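S.K.: Got a structure for you, questions after.
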């Protein structure tokens, strides 16, 4: 079994690197014009379908209720594993990722990411303020956002989530954009944080009913934040028989 996991991991890493290098020139061209970014997000989706299929992952994307429609939304997902980021590419309504500042340091990938997506230095109050403005600009350009409201993989009691930050919910209320809770139920078993060896090949993502924020004010922010966190946590617990 260990040999199978090792072989699967090496193959998945190899395919990730090769497929990215093949697509990098296209991403580079699409990064040159903001109007072309939506094509890069569609390419993310097509790549994710190809990659996870070719890497022998079993993927299950479930929509509960109404699928996100036209116009921007803010996806809020739990974050326990590095494989969460490519996994969200499986969602058909693609979006701009919000990632940590350190991603910029990864050769080629970091350059592409900062050109097409948004990076945040969460330890810097000033940079968090700049990020909010970038979120607003992205929404005004009609882009949806993928945000991990925990602020990264910071939980020390996985699969229990850490407390959520306010940013995603503040922007959703201010811009009257729906919040779409997303439960990534099994990735912490597929690739545990801090590990490099794949332990499983089942990826399951549950997209919950969009939450309308049109009539909400900042007084509603704590309730909205707790509602989304509890919804996702309850589903994580249910999926893992906790």
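S.K.: Within the stretch 215-242, can you find the residues that are within 23 Å of residue 60 (Cβ to Cβ), free of Cβ contacts under 8 Å to residues at least 60 places away in the same chain and loosely packed, with under 12 Cβ neighbours inside 10 Å?
M.R.: Within the stretch 215-242, just 241 meets the criteria.
S.K.: Of the residues that make up the stretch 134-141, is at least one without any contact (Cβ under 8 Å) to a residue 60 or more places away in the chain, out of contact with any strand residue (DSSP E or B) (no Cβ under 7 Å at 6 or more places or on another chain), surrounded by fewer than 16 Cβ atoms within 10 Å (Cβ to Cβ) and not in a helix (DSSP H, G or I)?
M.R.: For the stretch 134-141, residues without any contact (Cβ under 8 Å) to a residue 60 or more places away in the chain, out of contact with any strand residue (DSSP E or B) (no Cβ under 7 Å at 6 or more places or on another chain), surrounded by fewer than 16 Cβ atoms within 10 Å (Cβ to Cβ) and not in a helix (DSSP H, G or I): absent.
S.K.: Assess whether residue 74 counts as being touching a residue at least 40 places away in the same chain (Cβ under 8 Å), more than 20 Å from residue 187 (Cα to Cα), surrounded by 20 or more Cβ atoms within 10 Å (Cβ to Cβ) and touching a helix residue (DSSP H, G or I) at 6+ places or on another chain (Cβ under 6 Å). Before the answer, list the steps.
M.R.: Working: touching a residue at least 40 places away in the same chain (Cβ under 8 Å): yes; more than 20 Å from residue 187 (Cα to Cα): yes; surrounded by 20 or more Cβ atoms within 10 Å (Cβ to Cβ): yes; touching a helix residue (DSSP H, G or I) at 6+ places or on another chain (Cβ under 6 Å): yes.
In short, yes.
S.K.: Considering only residues that are within 21 Å of residue 36 (Cβ to Cβ) and outside any helix (DSSP H, G or I), look in the stretch 100-133 and name the one that is modelled with the highest pLDDT.
M.R.: 117
S.K.: Let me ask another. Do you know which residues across the stretch 160-188 are surrounded by fewer than 19 Cβ atoms within 10 Å (Cβ to Cβ) and farther than 24 Å from residue 103 by Cβ?
M.R.: 160, 174, 175, 176
S.K.: Residue 80 - would you say it is part of a loop (DSSP other than H, G, I, E, B), in contact with a helix residue (DSSP H, G or I) (Cβ under 8 Å, 6 or more places away or on another chain) and either loosely packed, with under 13 Cβ neighbours inside 10 Å or modelled with pLDDT under 85 (or both)?
M.R.: On the way: part of a loop (DSSP other than H, G, I, E, B): yes; in contact with a helix residue (DSSP H, G or I) (Cβ under 8 Å, 6 or more places away or on another chain): yes; either loosely packed, with under 13 Cβ neighbours inside 10 Å or modelled with pLDDT under 85 (or both): no.
Taking the combined requirement at face value, the residue does not satisfy it.
S.K.: Mind checking which residues of the stretch 17-37 are in a helix (DSSP H, G or I), in contact with a helix residue (DSSP H, G or I) (Cβ under 9 Å, 6 or more places away or on another chain) and in contact (Cβ under 8 Å) with a residue 40 or more places away in the chain? If you could, list the steps in order and put the result at the bottom.
M.R.: Our first condition is that a residue be in a helix (DSSP H, G or I); within the stretch 17-37, this holds for 17-30, 34-37.
With in contact with a helix residue (DSSP H, G or I) (Cβ under 9 Å, 6 or more places away or on another chain) added as a condition, the list becomes 19-20, 23-24, 26-30, 36-37.
Result: 20, 24, 27, 28, 30, 37.
S.K.: Looking at the stretch 46-67 only, could you name the residues that are part of a helix (DSSP H, G or I) and buried (at least 17 other Cβ atoms within 10 Å of the Cβ)?
M.R.: At the first step, the residues of the stretch 46-67 found to be part of a helix (DSSP H, G or I) are 46-54.
Within the stretch 46-67, 47, 48, 51, 52 qualify.
The values are calculated or read from the model by the stated rules, or taken from the named source; none is laboratory data. Just so it is clear, the structure is predicted and the values come from calculations on it, not from any experiment. Cβ: placed from backbone, ideal geometry, glycine included. Neighbour counts: every protein chain shown.
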